[in-house]
Amino acid sequence: MQAPIQLVIADDHPGVVAAVRHLVSAVNGFEVVGEASNADELLAVLSRVRCDIAITDYAMPGSRYGDGIILLEFLVRRHPDLRVMVLTMLETRALMSNILRAGIKVIVSKADEPQHILEGMQAAMNDRIYLSPQLDAKLIRRVPEREPSENDPIAKLGKRELEVLRMYVTGKTVSAIAVQLNRSVKTISAQKQMAMRKLKLETEAALFDFAVRHGLLGSGEG
């Protein structure tokens, strides 16, 4: 008998974890062997249990070692045989492009029907790219490949600038970000200020308004 495909589910919303577990458990050949509510717990599960697929949220605030792109890039490096599916509410093209560039091939929107989680799992096991319909329509197929950056302001930011900005608007201080990313306070502050200049944001209020409108807040990203 063929061994079941083993999965771990990571999301900071318990209801999402329960729903995905229920969905996956009803499918023959798949077994949920771990659950996590943040990146730290996810890495702990992966250190002690063999997993074939990790279904993870993009934004999971409160992790010691970070989430988002930092987490995804770490998973690709540390667990090269692990297939990773990002399950998220993100609909920003620049962020999605960063996820794909990090080496993640499967991204499913929480706004799509649950069946697309199962289709994403199959795609992951076949090592092929899969974007659920909501993301495929809004972010890839209907957007010109060379979209002017002024129409996609987040595309103006470097990867690290974007990560610092996203962490900052979710409530972390510059000092806390510096500790988490193992960089100096001066470097983090400079990256934050550079990001604000590129986006032409002159005040903290403007920054947080931008974050709400472009889905940079952790609670909004899901």
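Can you give the local net charge around Val174? Use residues other than it whose beta-carbon is closer than 15 angstrom to its beta-carbon, Lys and Arg +1, Asp and Glu -1.
On the way: positive: Arg160, Arg166, Lys172, Arg183, Lys186, Lys192; negative: Glu161, Glu163, Glu204.
My count for the surroundings of Val174 gives +3.
Would you mind checking which residues have amide H under 5 Å from Ile5's amide H? H placed 1.01 Å from N; only 5 or more apart, or other chain.
Phe30, Glu31
Using alpha-carbon pairs under 8 Å, 6+ residues apart, how would you state the relative contact order of region 1-126 in percent?
Numbers: 200 pairs, mean separation 27.4, N = 126.
For region 1-126, the relative contact order is 22 percent.
Lysines within cross-link reach of Lys110: Cα-Cα under 28 Å, excluding same-chain residues under 8 positions apart?
The reachable lysines, counting only those whose Cα sits under 28 Å from Lys110, are Lys138, Lys156, Lys159, Lys172.
Just to be sure I understand the model, the point goes 7 Å from the Cα along the line to the Cβ. What's the resulting Asn28 to Val49 distance in nm?
That separation, rounded to one decimal, is 2.4 nm.
Calculate the radius of gyration of the Cα atoms of the chain to one decimal place, then report Dmax, the largest Cα-Cα distance, as a whole number, both in Å.
In Å, with Rg to one decimal and Dmax whole: 17.5, 62.
Only Cα pairs within less than 10 Å get springs; with that Gaussian network setup on the chain, which residue of Asp152, Asp136, Asp57 has the largest fluctuation?
Asp152
Taken together, the values in this text are just the output of simple stated rules run on the coordinates, not laboratory data. Because the structure is a prediction, the values reported are computed rather than measured. Neighbour counts are summed over all protein chains in view; Cβ atoms, including those assigned to glycine, are modelled from backbone coordinates with ideal geometry.
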